[in-house]
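Notes follow once the structure below has been shown.
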Amino acid sequence: TCRACEEQCPVLISYVDKIVELRRDLVMAKREFPGELQKPFRGMETNGNPWNISASSRADWAKGLPVATMSQVEGVEVEVLFWVGCAGSYEDRAKRVSKALVEILNAAGVTFAILGNEETCTGDSARRLGNEYLFQMLAQQNIETLNGYKVRKIVTNCPHCMNCLKNEYGDFGGQYEVVHGSQLVSELIRAGRVKLGTEIPESITFHDPCYLGRYHGVYDAPRDILRAIPGLQLT
């Protein structure tokens, strides 16, 4: 579903939606799908993540950090909800990115909160793989939580979560302003709320996530951040 072929196709053939619909028929109607999908489907259903790691440890990455949950600040308006996502909560490299965004938001004086253990998988993977029932179950659970806290603006580092929350939750009653972490950080730099002073004399190439670039046209924000770093050369 990366849309690379759609972007390059000289006759503008659209195929991604058709592939997802074919998968949906195989999974929902015929129960035909690779055995390797049993574990992520079960994990998303029982623990809210495709690795089936305990849901109670979803917010462990934030222990010791100056970050509050929405339940802790209920009744206090925050500028933005940080949607961490499954990778940002459980995967070691992605957890470092979650912690970095928390550090940046605090340095910029942005009031924010996370859902903590109330957050569960957006269901993006389930929908792409054809398990529409599981996707809608997760979506409705998340929307109920978000609407209960009257969330209006969401920031997330995961392009797949961004796509789900921004473009697909609206069909189920979840209307939110959703931005990628790079978009928000780029705005904070332009507004002077984040100042980058440490020189990094390196040459960097940025790899565009498919769901950030092709799906949402966000190409400039990550590069604007890199260009703002003293000494860094963007290639």
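The values are calculated or read from the model by the stated rules, or taken from the named source; none is laboratory data. Because the structure is predicted, anything quoted here is derived from the model rather than measured. So basically every Cβ, Gly included, is an ideal-geometry build from the backbone, and we count neighbours across all protein chains shown. Areas reflect the complete protein model, heavy atoms only, side chains present, ligands, DNA and RNA absent. Shrake-Rupley method; radii C 1.70, N 1.55, O 1.52, S 1.80 Å.
Highest mobility in the GNM of the chain, judged by mean-square fluctuation with C-alpha springs under 10 Å and restricted to CYS121, CYS210, CYS161, is found for CYS210. Could you check how much of the accessible area of the chain is carbon and sulfur, as a whole percent, using a 1.4 Å probe? Exposed carbon and sulfur together represent 51 percent of the surface.
Under the rule a/c < 1.5 gives rounded, and otherwise a/b versus b/c splits prolate from oblate, where does the stretch 86-125 land using the Cα gyration tensor?
On the way: a/c = 2.73, a/b = 1.53, b/c = 1.79.
Since a/c reaches 1.5 but b/c is at least a/b, the shape of the stretch 86-125 is classed as oblate.
A 1.4 Å probe run over the stretch 1-51, with the rest of the protein chains in place, finds 71 Å² accessible per residue. Cross-link partners of LYS39 among lysines, defined as those whose alpha carbon lies under 26 angstrom from its own and excluding same-chain residues fewer than eight positions apart: LYS18, LYS30, LYS95.
Rounded to the nearest 500, the helix-only mean residue ellipticity at 222 nm of the chain stands at -11000 deg cm²/dmol, with each DSSP H run of n ≥ 4 adding -39,500 (n - 2.57). Here's the list of aspartates and glutamates a cross-link from LYS153 could span, going by alpha-carbon distance under 12 Å and ignoring same-chain residues fewer than 8 apart: GLU77, GLU79, GLU177. For the chain, excluding the exposed loop sites themselves (trypsin sites (Lys or Arg not before Pro), DSSP loop, at most 11 other Cβ atoms within 10 Å), the longest remaining stretch covers 64-149. Per residue, the stretch 92-201 exposes 46 Å² of solvent-accessible protein surface, assessed with a 1.4 angstrom probe and all protein chains in place. One chain, two ends: SER71 and GLN8. Fully extended at 0.36 nm per residue, the span grows by 18.1 nm beyond their Cα-Cα distance.
Could you tell me the relative contact order of the stretch 46-109? Use alpha-carbon pairs under 8 Å, at least six residues apart, and round to a whole percent. Can you show the working numbers first?
Numbers: 32 pairs, mean separation 20.6, N = 64.
Relative contact order of the stretch 46-109: 32 percent.
Between SER56 and ALA100, the simple label model (points 7 Å from Cα in the Cβ direction) yields a spacing of 3.2 nm.
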